[in-house]
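**Student:** Have a look at this one before I ask anything.
Just so it is clear, none of the values below were taken in a lab; they were calculated from the coordinates. Remember, it's a predicted structure, so these values are computed and weren't measured experimentally. As a convention, Cβ positions derive from the backbone with ideal geometry for all residues, glycine included, and neighbour counts pool all protein chains shown.
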Amino acid sequence: MTRRTKIVATIGPASEDPATLEALFRAGVDVARLNLSHGPVESHLEKLAIVRAAADRVGKHVGVLADLPGPKVRAGKFVDGGIHLDAGASLRLRPGLDPSSDDLIHVDYPTLLDDLRPGDPVIIGDGGICLRVESVDDSEAAAIVQTGGRAQGRPGVHIPSENLRLSTPTEEDLVLAEQMAEAGVDFMAVSFVRTAADVQQVRDVVGKRAKLIAKIETSTALANLQSIIEVSDAIMVARGDLGIDCPIEDLPHLQKSIVRQCVEYGIPAITATQMLESMVNAPSPTRAEVTDVANAIFDGTDALMLSGETAIGHDPVLVVETMATIAERAEAEASYRQWAQRLGRIQRAQWDSIGDRITAALTHAASEAAVDAGASAIICCTNTGRTAIAMARFRPESPLIALSNDPRTVKQLSLLWGVQTLGLDTFESPDEIVWHAVERAVTSGLVERGSTVVVLAGSPKKSADTAADVLRIVQVD
């Protein structure tokens, strides 16, 4: 694998048949996303089984991400065909489920009038229609259309996140979390996270059965970002809602800041939303989209996510092939050495347990040793994946190979930058682990005989949470 940045693809009507899934995995998909906002849970459980079977046929470790719906405020249904809201027009907002029209929009949010204030923006849909609240009384809110557009179906309604009383996760989220964890998904994304406690509620249900991804899509989450990172296994920069809740001109800077903090703290970052949006219908991306994907890679993101492009797009496989090509080209220009130099200075402040400090020190040394020895690969032997995650923070130039005796860990590392994963049997000593790990890498074609590799491992008799404490430079013969 020459590409180091991972690709997450949403599975939907355009991509859920077995043949297309196999083609997607061969094209470069590393993680399959199931969007639980659409369809009953039974359909997602069926997709999970189909994804697993397709990955097995291709012979690839593909992770599966279940994306919880979270709270969603929607407008009452507009007439078939929709209506056009003109800029400058006046209209009213009322709580309820009744149908909406061009002068009265019902909003499925009981405390709407308590939570709106004059001057608040209200966004309809994906940001194309913007209203400004003029006044609020006991029965309705008066608003002016600032940016017009077509409203149809039951579009989402975005109210400033600091005003919302909706809780995350919802009761439905927690039920879905239990069902999907029991079914064996590898990752679970928590929508509209605002505090660390939101993630912890899902953790209490899921436990260690799945890695938790906090979606950063509100200004409130930004204010609590450090504490959210500390309780999460990965972070998603959900640029759709984040670009609505925050000034849109801030979005590129927020993306860079979030990704940088994730790399520093040693957890994967996913950059999502509209990355190749035009390819839902078009055979090629816009120049701006190509630049956007490349810039996310220059930021240091672990993974890039496709949504409608692969769920409902006209050619999901072409989309993935295009993204993989852009990623490979961008990585050829990326300078990752700066990560290692910077992380070497900050790791002691950010990693506070003794196990984390040992792992940080060992992986820092491994990143330098790989350069000095001209290593053709860095091999991480890991139970939980923690050693591989710590190593990937340094964005080493040498290929990064992770081996684990836990099949769940092997799949969960599919999201991590630069990591190629292999299964490994359980052995009694570090010597055996190192020898068999190198041999496994050779027989898999990832390492050539006569090359030099750096190997990280630990005692198999220690607890799963204990750090790796063995660093060896091995001449492969």
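**Student:** Just tell me which lysines come within less than 18 Å, Cα to Cα, of LYS256; anything on the same chain fewer than 8 places away is out.
**Tutor:** Correct list for LYS256: LYS6, LYS215.
**Student:** Which whole-number percent gives the relative contact order of the range 82-148, counting Cα pairs below 8 Å spaced six or more residues apart?
**Tutor:** Contact order relative to length: 36 percent.
**Student:** Taking Cα centroids, how far is the range 26-58 from the range 377-453 in Å?
**Tutor:** 25 Å
**Student:** Going by how many other beta carbons lie within 10 Å of each one, how would you line up LYS208, LYS77, fewest first?
**Tutor:** LYS208, LYS77
**Student:** Rounded, prolate or oblate: pick one for the range 83-158, where a ≥ b ≥ c are the square roots of the eigenvalues of its C-alpha gyration tensor, a/c under 1.5 means rounded, and failing that, prolate if a/b is larger than b/c, else oblate.
**Tutor:** Oblate.
**Student:** As a test, work out the antiparallel percent of DSSP beta bridges whose residues both lie in the chain, rounded to the nearest 5.
**Tutor:** If I count the DSSP bridges inside the chain, around 35 percent turn out antiparallel.
**Student:** Only four residue types carry charge here, +1 at the Cβ of Lys and Arg and -1 at the Cβ of Asp and Glu. Report the dipole size of the range 206-293 about the Cα centre in Debye, rounded to the nearest 20.
**Tutor:** On the way: 8 positive and 11 negative charges, 78 e Å.
The dipole of the range 206-293 has a size of about 380 debye.
**Student:** Run the reach check for LYS411 against aspartates and glutamates, Cα to Cα strictly under 18 Å, same-chain hits fewer than 8 apart removed. What comes back?
**Tutor:** GLU22, ASP30, ASP56, ASP67, GLU182, ASP186, ASP233, ASP302, ASP425
**Student:** Okay, moving on. Relative contact order of the chain, please, whole-number percent, based on alpha carbon pairs below 8 angstrom and at least 6 residues apart.
**Tutor:** Values: 1064 pairs, mean separation 66.5, N = 477.
Relative contact order for the chain comes out at 14 percent.
**Student:** Would you list the P(r) distribution for the chain, with all Cα-Cα distances sorted into 20 Å bins from 0 and each bin expressed as a whole %?
**Tutor:** So the P(r) values, bin by bin, are 24, 54, 19, 3, 0.
**Student:** For the range 115-197, what relative contact order do you get, as a whole percent, if you take Cα pairs closer than 8 Å and at least 6 residues apart? Don't jump to the answer; show the numbers that get you there.
**Tutor:** Values: 98 pairs, mean separation 20.3, N = 83.
The value is 24 percent.
**Student:** Something else now. Compute the angle between helix 337-350 and the longest alpha-carbon principal axis of the chain, please, reported from 0 to 90 degrees and rounded to the nearest 10.
**Tutor:** Its long axis makes an angle of about 80 degrees.
**Student:** Over the Cα atoms of the range 221-312, compute the convex hull volume and normalise it per residue, giving Å³.
**Tutor:** 97 Å³
**Student:** Output the 0 to 90 degree angle, nearest 10, between the alpha-carbon long axis of helix 251-265 and the longest principal axis computed from the alpha carbons of the chain.
**Tutor:** Result, in degrees: 30.
**Student:** Give me Rg/Rg_expected for the range 100-143, where Rg uses Cα atoms only and Rg_expected = 2.2 N^0.38 Å with N residues.
**Tutor:** So the Cα radius of gyration is 1.10 times the expected 2.2 N^0.38 Å.
**Student:** Please list log₁₀ I(q)/I(0) at q = 0.13, 0.14 Å⁻¹ for the range 270-420, using the Debye equation with identical point scatterers on the alpha-carbon positions.
**Tutor:** -0.68, -0.77
**Student:** Using alpha carbons only, how many degrees (0 to 90, rounded to 10) separate the axis of helix 316-333 from the longest principal axis of the chain?
**Tutor:** Rounded to the nearest ten degrees, it is 60.
**Student:** Here is a follow-up. Order of ASP431, ASP86, ASP233 from fewest to most other C-beta atoms within 10 Å?
**Tutor:** ASP86, ASP431, ASP233
**Student:** Let me ask you something else. What's the FRET efficiency of LYS208 with HIS84 using the Cβ-Cβ distance as r and R₀ = 60 Å, to the nearest 0.05?
**Tutor:** The pair LYS208/HIS84 has a calculated efficiency of 0.75.
**Student:** Counting other beta carbons within 10 Å of each Cβ, put ARG408, ARG386 in order, fewest first.
**Tutor:** With the fewest neighbours first, ARG408, ARG386 line up as ARG408, ARG386.
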